[in-house]
Structure formats: C-alpha cells, structure tokens
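Asks: Structure in structure tokens, see below.
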Amino acid sequence: MSDSGRQFTSVELGERAAAAAETRMLIDGKLVAASSGAQFDNLSPATGRLLGSTAAADHDDMGQAIGAARRAFDDTDWSTNRELRKRCLAQLQAALEAEKEELRTELIAEVGCPVMTTQLAQLDWPLADGLRYPTRLIDDFDWERLLDGGGLFGERNVRTVVKEPVGVVAAITPSNFPLEVILNKLGPALAAGNTVVLKPDPNTPWNATRLGRLVAEHTDVPAGVVNVVPTPSNEVAGLLGADPRVDMISFTGSTAVGKLLARTSADTMKRTFLELGGKSALIVLDDADPAKVIPGAVGVCVHAGQACAATTRVLVHTSLFDQMAAAVTAAFAAVTVGDPALPQTLVGPLISAAQKRRVLDAYAQARHDGAEITTGGGEVEDLPPDLAGGHYVQPTVIVGVDNSAAIAREEVFGPVVVLLPFGDDDEAVRIANDSAYGLAGAVVSASNDRAMGVARRIRTGAIGVNGGMYYGADAPFGGYKSSGWGRQCGIEGFAQYLETKTIGYRRPREA
C-alpha cells in the first residue's frame, strides 16, 4: 500500500493498523472490555510480530451478548420495522465507506492478504454490494403471498404464506476472507429482521470489532441487535451452538468444525447454515487453449491458496497433460511470494504457524505417496529480515498421483495444485465428482456448449465456464456434500434467514 506515493511495508502497516484498531467488544449497544479484563494477541501473519491485543470474551460475556440479542429480537420492533432496518443498513454502509482505506490497511495487516485481493473479494467487492443488495430486498422481497380459495373448505377458504425472521443468529466467521463473509452474513440476516451475535475468527478480530464500533457510533441500530464477541476459546464459542436462546447458526469455516456445530446445534434444533471446505476441480478439455488455462490455475496462489473455492485439482485431458504440467510448473515457479503490502505480491503468508505446518505436512505426505513435486514443496527461503517470522510456503505443483491420493482428496488451504489426467469427458466428470466435497469448480473448452454440458454434470454448488465469474451478493454460493448446507447470498441466502408461516382464515359471506 502507498500513501502519497510512498510505499509501506507490512511492518509499517501493522503499526498503522494497531494505532487505529478497535479492541473492545460490542455487547448490548456498548463497546466494552471483557468482563474478566482478559485479552488475546493479534499477530501479523506477514512478520510474526505482535500487532496488538483484543478483548477476550468469556462465558459471561457470551451469555450477555446472547441475552442482549434475544431481548432485542423479542422486545424491540427491529423484526417488523422495515424502514428502520433500511435506514440502519444504509448508515452502516456509509460508515464502512468512510473508513474503507483504514479497513484495507487493517485487512492486509491482520489477514496477511496481498493488496490486490483487497481490491477484489477481500474488501471492494463485498463493500460494493454485501449490504446494498439485501437492503434492496427489504422492499423487493415477496414477504407474503396469497393462496386464494381451494384447500379443504373451497372458495371461502383463504391462506396467506408469511415470511418472518428466524430470531437470534450466531454468525461465526473465518480468517481467510473475514470482512467479505461478515458482510454477506450480516447483510441478509439484519435485512430479514434478525438479531446477530458475531463471533469472528481469533486470528483476524479487528475488522469485526471495527464494524462493531461503527454500528455503535454511526447507526440507529437498537442496542442488542448486533453484538460482536471475539474470543480465542472454542469452549466459549461453543455456547452459541448449545444455548437455546440462539435460533440459527450461520458458519463459514472448516468441514470438521461445521460437523461439530451441527451435532451441538441438534440438541436445541437450531437452523444451521454451513459453508465449508472444498477440493474443487478445474477441468481442461481436449480442445482447450492451454494459454487461456494458466491464469485460472495460477489463481490458486492468490492469498496463498487460502480460499475454500480454489480449484486445487487441475484435471487435464491426456493429449494436453505434459504441455499443461510444464506450463503450470513454470507459472507457479515465477509467482512472487513476499510482503503482502507490496503491490507486486501475489502470494503472501499463511494465516498462522499452525497452518504453515499443516501445508508443509501435506507436501510431505504427497512425497510419501509417490508424488512428483515439479516446483515448490517447501518453505520460502531468503526472506527479508522483517519477514523472517512470517508464515510463507512455496507455491507447489504436484503430478504423478491419481485421485485417490490424499493431496487430491483433502483440503490443504495452501498454494498447491495437483494435476490429474483424464481420457474423455465422462472420465473427467467422474473424477471431478469423486470427492467428499462439492463447493465450486471450472471448465475450459473451445466450445461453450460443450463446457456447459460438462458443468451441468458436476455435483457442485458453483462453477465457472470459460472464465465466467459466479461471485456476487445476488448469486447464491454454497456446496453439495461435505461442502455444507444452504446458500450464502442471493434470494436463497436471504430466505435462509426467514421462517415460513401459513395462516388460514374463512372469507366472510357476502351480505
């Protein structure tokens, strides 16, 4: 990032972010420290240095937040006052836009995301429509529909189908695209009339606590409607799944945690939206132009591969396989890895030392399974001194295994692709669908009709054809199989935060 032409490093951006950070929680309309006074560290993924600290919620804090959200739903007119909701969401939109560049600095510092990603899905894209689209739906959504006549009692019987908010929503968000996910949860949840307890990932709390401050200081949102409760404790976070006052869990994160939340939530019969992991396939048909495929393959490297929808399996027709393997290897070897604050950086750090260890272990497992690593496969060496404590790994290309190998089946969440050959379109579809996941994917072909035909056979929640982009606040996103339940964004995502009530009554006889 730069300011008046001067380029800043991650060390400098970290200092800037720390100076402007909101470290308090938002509970019942008030910005507060943890009741115990406890705090937890916020570390820079790029440098490993301490950025600062954040209030660490305990059981009492979480209980207060849940209670505040319950009261705000039950005792205020938030759930029924659509004009108030529109006004408040517009106020929050304006407040976020006023601090857009501070948010950009903060995201680069605590997420470790390259500058270019903040111009895309990290910030600019969701800020453009993450709140605006669901706000428009407050007026445009079909809140009621009439079933006139029919049923058991003939023409005198009238039935009205009414959409109402679910209640208290627990929004649990990840570290990889934190603000994007937060806005695409809060927007529809609040527009639909729900109240929210937001629990951000402890690796990236400040963008969420900043949003809490903006709600408190710049909007007319009633106390308790939005609560922001950061905590490093899985036990404290688990209260959201167990507490009967919470009506819905909206979770984005790993499949393992999603399954745990589903089990925990079952005892209180919560509605559960889960947007989980992926092992998506990029399918290169035999008539594809390899040069047009390379950008999509290298796209896995963006933000060090920390994207659930990343196409980390590249399925290539046998006639193109050697050519594609060489081209992808050369492209990955040329990718810039380094300081995410610099505009030329495509691959920054992984979020934590633990994630770095998991990715390196996956590389080692691939070697053990007989894979050939054509480039990468280890840590980044010769880092500048300021980045020596950061969590960097090499972009990595793997060949020589089939779809049964762990590297082809397990989500790595790192800058790695595995290339897999196929013989015809049917085999490509079979390999793509031979996965526990079904989140996203892509197909490339000289024939759009052929690519569309293959895309329609892939069991996945979203798929791009010949470079097509499925992203947007109006576009439902989510997965099949172990990639989750339900959809985020779009009409489907909005309706997910609503209950359905059917009211039947008798039409009076005409005098």
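The values are calculated or read from the model by the stated rules, or taken from the named source; none is laboratory data. Here the structure is a predicted model, which means the values were calculated and not measured. When we count neighbours, we look across all protein chains shown, and the Cβ atoms used for this are built from the backbone with ideal geometry, even at glycine. Side chains are part of the model used for accessible areas, which takes the heavy atoms of the whole protein and leaves out ligands, DNA and RNA. Shrake-Rupley method; radii C 1.70, N 1.55, O 1.52, S 1.80 Å.
Asks: Taking the solvent-accessible surface of protein heavy atoms with a 1.4 Å probe, what is the per residue accessible area of the chain in Å²?
Replies: 39
Asks: Once amide H atoms are placed 1.01 Å from N in the peptide plane, what residues at a sequence separation of 5 or more from Val393, or on another chain, have their amide H within under 5 Å of its amide H?
Replies: Those qualifying (amide H under 5 Å, at least 5 residues apart or on another chain) are Leu350, Val380.
Asks: Given only helices, namely DSSP H runs of n ≥ 4 each adding -39500 (n - 2.57), what is the per-residue ellipticity at 222 nm of the chain, to the nearest 500 deg cm²/dmol?
Replies: For the chain, the value works out to -11000 deg cm²/dmol.
Asks: Next up: Which number do you get for Rg(Cα) / (2.2 N^0.38 Å) in the range 1-90?
Replies: 1.51
Asks: Using +1 at the Cβ of each Lys and Arg and -1 at the Cβ of each Asp and Glu in the range 200-310, identify which of Gln306, Leu211, Val236 lies farthest towards the dipole's positive end.
Replies: It is Val236.
Asks: Can you work out ³J(HN,Hα) from phi for every residue in the range 114-119, in order, using Karplus 6.51 cos²θ - 1.76 cosθ + 1.60 and θ = phi - 60°, giving whole Hz and x for Gly and Pro?
Replies: So the J values, rounded to whole Hz, are x, 3, 4, 5, 6, 7.
Asks: Also: When ranked by the protection proxy of mean other Cβ atoms within 10 Å per residue, highest first, what sequence do the peptides 28-34, 314-320, 381-387 form?
Replies: 314-320, 28-34, 381-387
Asks: Relative to the present Cα-Cα distance, how much length would full extension add between Arg49 and Ala353 at 0.36 nm per residue of separation?
Replies: 108.2 nm
Asks: Now for a separate question. Pairing the Cα long axis of helix 353-368 with the longest principal axis of the chain, what angle in degrees results, from 0 to 90 and rounded to the nearest 10?
Replies: So the helix axis and the longest Cα principal axis differ by about 50 degrees.
Asks: On alpha-carbon atoms, Rg over Rh for the chain using Kirkwood Rh?
Replies: 1.00
Asks: Please report, in debye to the nearest 20, how large the charge dipole of the chain is about its Cα centre when each Lys and Arg carries +1 at its beta carbon and each Asp and Glu carries -1 there.
Replies: It comes to approximately 1400 debye.
Asks: Then there's this: Rank Met452, Met25 by accessible area, highest first, at a 1.4 Å probe radius?
Replies: The most accessible residue leads, giving Met452, Met25.
Asks: Which of the aspartates and glutamates could be linked to Lys259 by a straight reach, that is with a Cα gap under 20 Å, when you skip same-chain ones fewer than 8 residues away?
Replies: Straight-distance partners of Lys259: Asp201, Glu235, Asp243, Asp247, Asp267, Glu275, Glu410, Glu411.
Asks: Among the lysines, select those whose C-alpha is under 28 Å from the C-alpha of Lys86, and discard any that sit fewer than 8 residues away in the same chain.
Replies: Lys30, Lys100, Lys163, Lys185, Lys199, Lys270, Lys501
Asks: Please give the solvent-accessible surface of Thr460 in Å², to the nearest 10, using a probe radius of 1.4 Å with every protein chain present.
Replies: Here the accessible area works out near 10 Å².
Asks: Residues of the range 388-406 with the amide nitrogen closer than 19 Å to a label point 7 Å from the Cα of Glu372, along Cα-to-Cβ, please.
Replies: 396-406
Asks: Whole-Hz ³J(HN,Hα) for each residue in the range 412-423, computed from phi via Karplus 6.51 cos²θ - 1.76 cosθ + 1.60 with θ = phi - 60°, x for glycine and proline: what do you get?
Replies: Per-residue couplings from phi come out as 9, 6, x, x, 9, 10, 10, 9, 10, x, 9, x Hz.
Asks: So for the range 281-473, considering every pair of alpha-carbon atoms, how many percent are separated by more than 26 Å?
Replies: Value for the range 281-473 (Cα pairs over 26 Å): 28 percent.
Asks: Now, a different point. Give the ranking of Ser280, Ser254 by solvent-accessible surface, highest area first, calculated with a 1.4 Å probe.
Replies: Correct descending sequence by accessible area is Ser254, Ser280.
Asks: First select every other residue whose beta carbon is under 15 angstrom from the beta carbon of Glu235; then total the charges, Lys and Arg +1, Asp and Glu -1.
Replies: Value of the local net charge: -3.
Asks: Note down the relative contact order for the range 281-473 as a percent, whole number, built from C-alpha pairs under 8 angstrom at least six residues apart.
Replies: After rounding, I find 27 percent.
Asks: Could I ask something else about it? Given an 8 Å cut-off on Cα distances and at least 6 residues of separation, report the relative contact order of the chain as a percent.
Replies: After rounding, I find 19 percent.
Asks: Stretch Glu15-Asp140 to full length: gain in nm at 0.36 nm per residue minus the Cα-Cα span?
Replies: Taking Glu15 through Asp140 to full extension adds about 40.6 nm, to one decimal.
Asks: Quick check: Cα centre of the range 279-349 to Cα centre of the range 445-482, how many Å?
Replies: If you average the Cα positions of each part, the centres end up 18 Å apart.
Asks: Express the carbon and sulfur contribution to the solvent-accessible surface of the chain as a percent, rounded to the nearest whole number, probe 1.4 angstrom.
Replies: Accessible surface attributable to carbon and sulfur in the chain totals 51 percent.
Asks: If you don't mind, there's one more thing I want to ask. Specify the angular offset, from 0 to 90 degrees and rounded to the nearest 10, of the alpha carbon long axis of helix 255-266 from the longest principal axis of the alpha carbons in the chain.
Replies: 20
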